[in-house]
Amino acid sequence: MKIIRQKKDLKNLISKINCLSFIPTMGGLHKGHEFLIKKAKKKSKFTIVSIFVNPKQFNSKKDFITYPRNYKRDLKILKKLNVKYLYMPNSRDIFSFKTSNKIYLHPFSNKLCGKYRPGHFKGVIDVVNRFLELLTPKYIFLGKKDYQQLFLIKKHIDKNKIKTFVISCNTIRENKFLPYSSRNFNLNKYDKVLALKVYKLLRKEKNIIKKNKIQKINFSNIKKKILKIGIKKIDYIEAINLDNFKKAKKFNENFNIFSAFYVNKVRLIDNF
Ligand code: PAF
């Protein structure tokens, strides 16, 4: 595996490749990333993974500092998967050039995580756009666990007429419920049990909404239950209609339950 650290080396390499699959990551690689990489490898001969913990998308310095980093482990995983290229820039390298595209933030960026993490999505779109300008990949692989991120990146790509196809990939789960996430590395086994309980409750709630043909979706009782089992803070639990990205009101809409809550100090998000 070739590790590239500077964009001048990257440009040199890219000029020789015409069909590139790209998987952006912040490291802390897990089974979800492995799934994206395996899919990418099937789609094209050349696959590049990036590892860059983007400071611009953290709205808290502490969160940035405590974000899981384990490069040795990451490299091992990438080598095992036979990834050809790894791009690991530093902040100066990635943020020092003037971009051609303008950051586009669809209004959905103000909801859910956008409401609770000001500036987060602007930071995500900024860095992903930079990667896209440098790499000009044919495909970018993104996970549905970060549904809002995936949606907003798609909208930015469309708005700027970027010639990269977005391939959205299903969420991979541990024990059927807990989605793999880099942040899970900061959970101990008791935290994991607690998170699992929340996800089981939310699954059950979705089934109840459908089965009982609920006409007015309301999560106040389930929130109380979740707080009762030991969750200290919930940012949001909302049913979002996947066709219009508005709040879903009724059982028969095509909706997912989006959630963000804290297990101890670790913020977890999911949707299903
Ligand atoms: O999902 C992530 O890991 C990050 O938000 C991304 C897309 C790599 C941008 O920094």
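The values are calculated or read from the model by the stated rules, or taken from the named source; none is laboratory data. Fair warning: this is a prediction, and the values are worked out from it, not measured in the lab. Cβ sites come from the backbone with ideal geometry, for glycine too, and all protein chains shown count toward neighbours. All accessible areas refer to the heavy atoms of the entire protein, side chains included, with ligands and DNA or RNA removed. Shrake-Rupley method; radii C 1.70, N 1.55, O 1.52, S 1.80 Å.
Across segment 245-253, computed HN-Hα scalar couplings (Karplus, 6.51 cos²θ - 1.76 cosθ + 1.60, θ = phi - 60°) run 6, 9, 4, 7, 9, 10, 4, 8, 7 Hz from first to last residue, x flagging Gly and Pro.
Taking only the Cα atoms of segment 1-141, the radius of gyration and Dmax are 15.2, 42 Å. Starting from the Cα gyration tensor of segment 141-272, take the square roots of the eigenvalues, sort them a ≥ b ≥ c, and report rounded, prolate or oblate (rounded when a/c is under 1.5, otherwise prolate if a/b is larger than b/c, else oblate). Cα axes put segment 141-272 in the oblate bin.
The Rg/Rh ratio for the chain is 0.97, where Rg is the radius of gyration of the alpha carbons and Rh is the Kirkwood radius. When a 1.4 Å probe is rolled over the protein heavy atoms, the share of accessible surface on segment 184-272 that falls to carbon and sulfur comes to 51 percent.
With θ taken as phi - 60° and the Karplus curve 6.51 cos²θ - 1.76 cosθ + 1.60 applied, the whole-hertz 3J(HN,Hα) list for segment 96-104 is 8, 10, 7, 8, 8, 7, 9, 5, 10 Hz, x standing for glycine and proline. Backbone geometry of segment 153-160 corresponds, through the Karplus equation with coefficients 6.51, -1.76 and 1.60 at θ = phi - 60°, to 3J(HN,Hα) couplings of 5, 4, 5, 5, 4, 4, 4, 8 Hz, x marking Gly and Pro. Bridging of Lys233 to aspartates and glutamates at a Cα separation below 14 Å is possible for Asp191, once same-chain residues fewer than 8 apart are set aside.
Among the trypsin sites (Lys or Arg not before Pro) found in segment 201-272, those both in a DSSP coil and sparsely packed, with 11 or fewer other Cβ atoms within 10 Å of their Cβ, are Lys213, Lys216, Lys232.
Taking amide H as placed 1.01 Å from N in the peptide plane, the amide H of Phe261 sits under 5 Å from that of Asp235, Leu268, each at least 5 places away or on another chain.
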